[in-house]
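What follows is a single structure, written as structure tokens, with notes after it.
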Amino acid sequence: MSSSNVTGMLDTIIIGGGQAGLALGHHLKEQNRNFLILDANPRTGDAWRRRWDSLRVFTPAKYDGLPGEAFPADPLSFPTKDEVAGYLEVYAARNSLPVLHETRVERLWREGDRFIAASNGSRWEARNAVVATGAEQVPRIPGFAAGLAPSTVHFHSSVYRNPGQLQDGPVLVVGLGNSGAEIALEVSRTHPTAVAGKPGGELPVKHGRTAARYFLPIVRFLGMHVLTLGTPIGRKVAPAFKAHAAPLIRTKSEDLLEAGVPFVPRVAGVADGKPVLADGTALEVANVIWCTGFREDFSWMDPDLLDAGAMPRQRRGVALDVPGLFFLGQEFLYAAASATLPGSVRDARYLSRKIPVPR
């Protein structure tokens, strides 16, 4: 779709064409709203296609569908990242959602009672703007990483695809969230591997079909309905949830130890081109994979729309101080599950009822 297909004032601009933006688009289409989805990627689903080759989602397929269309797989299976990408692409086409690809919004601001989004010389006006850019925006890499020796191969987990990207020799995986654990286990099959970091807890059962049938429904309920900003316990755990690695789900500490992957203290810096641990140990490694997460980036939004550069005060994605501005798909936006497929779908349904209908 090209910008020439859209004329006049839009009801809503959705910035981000991942699962959250598509789910919201489905509801707005059902309401006969005049909206447009602006997606920076060449194809719908590319955010998933770019993940590492062996990635599978943690939620079973029965929970991975978007509104009106179940995920086309065994309900107790765990889809691959390419299956998710393909599903999203087909979903957007089958529902005739107005997605404009290769359109990275460079600036969003407000003029009077309307929002203006600009990209590569084009601009769109709308009464409402929804920021659905997701939780994984800018890779977080410590500044001292630049001090590693030129001979050391190092990159963020968002760049990792498979062990073939690594040179011979030991690998240090920095960070022990789910990405770090899964990548470390895979890499350990071809390279001596160590992990720097501590897990933020672990799922107390073995991940798989049995868990999908009996245990993960409980986890889903907790993540969707108990650990929310609407409950005392949810408000208490939200800051820690955002600041620390999520509990290990599929690959556990025991799996790593059985594979011969030792845990070492956190990386505190770099000296003489080598990573230095918190206990002062300098490691001789040939490769470093930074599984250190992401940070939010709203630098493309006008400062008047933000709170000191961060997401403004909001309630379930509705900005409290900027009428017509909404957020969707961010980490713990409302619940612990808000950035997941099931959580973003639930939040999109709620938000679709909160976006004002034009008079």
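A few remarks follow.
- Placing +1 on the Cβ of every Lys and Arg and -1 on the Cβ of every Asp and Glu, with nothing else charged, gives the chain a dipole about its Cα centre of roughly 1040 debye.
- Distances between every pair of Cα atoms in segment 224-314, grouped in 10 Å steps from 0 to the bin holding the largest one, split as 12, 25, 30, 23, 10, 0 percent.
- Label-reachable residues, segment 172-199, where backbone N falls under 17 Å from a point 7 Å from T281's Cα toward its Cβ: 172-176, 192-199
- Shape analysis of segment 201-359 yields a ratio of the Cα radius of gyration to the Kirkwood radius, Rg/Rh, of 1.06.
- Prolate/oblate/rounded label for segment 135-188 (Cα gyration tensor, a/c 1.5): oblate
- Cα long-axis angle, helix 19-30 against the chain (0 to 90 degrees, to the nearest 10): 20 degrees
- Shape analysis of segment 105-226 places it in the oblate category; the axes a ≥ b ≥ c from the Cα gyration tensor give an a/c of at least 1.5, with a/b not above b/c.
- Loop GluC sites (Glu not before Pro), segment 4-102, which have at most 16 other Cβ atoms in a 10 Å radius of their Cβ (DSSP): E102
- Average projected area [Cα convex hull, segment 1-107], square nanometres: 7.1 nm²
- Remark: the chain is approximated by an ellipsoid whose semi-axes, taken from the C-alpha gyration tensor as √(5λ), come to 36, 23, 20 Å, largest first.
- Helical runs (DSSP H, four residues minimum) scored at -39500 (n - 2.57) apiece and divided by the length of the chain put the mean residue ellipticity at 222 nm at -6500 deg cm²/dmol.
- Taking every alpha-carbon pair under 8 Å whose residues sit at least 6 apart, the chain reaches a relative contact order of 22 percent.
- On a per residue basis, the convex hull of the C-alpha atoms belonging to segment 231-281 measures out at 130 Å³.
- For segment 193-240, the Cβ-based charge dipole about the Cα centre amounts to some 100 debye (Lys, Arg positive; Asp, Glu negative; other atoms uncharged).
- 0 to 90° range, to nearest 10: angle between helix 232-243 axis and the chain longest Cα axis: 60 degrees
- In Hz, Karplus ³J(HN,Hα) per residue of segment 150-160 (6.51, -1.76, 1.60; θ = phi - 60°; x = Gly, Pro): x, 6, 7, 7, 8, 6, 7, 4, 5, 9, 5
- The lysines whose alpha-carbon is closer than 25 Å to the alpha-carbon of K62, local same-chain residues fewer than 8 away aside, are K29, K81, K206, K252.
- Backbone amide hydrogens, once placed in the peptide plane, bring A268 within less than 5 Å of V276, L277, A278, excluding anything fewer than 5 places away on its chain.
- With an a/c value of 1.5 or above and a/b not larger than b/c for the gyration tensor axes a ≥ b ≥ c computed over the alpha-carbon atoms, segment 170-239 is described as oblate.
- To the nearest ten degrees, helix 178-187 and the longest principal axis of the Cα atoms of the chain are 50 degrees apart.
Where a number appears in this text, it was derived from the coordinates with a stated rule and is not lab data. Keep in mind that what you see is a predicted model, and the values were worked out from it rather than measured. Glycine also receives a Cβ, built like all others from the backbone with ideal geometry; neighbour counts cover every protein chain displayed.
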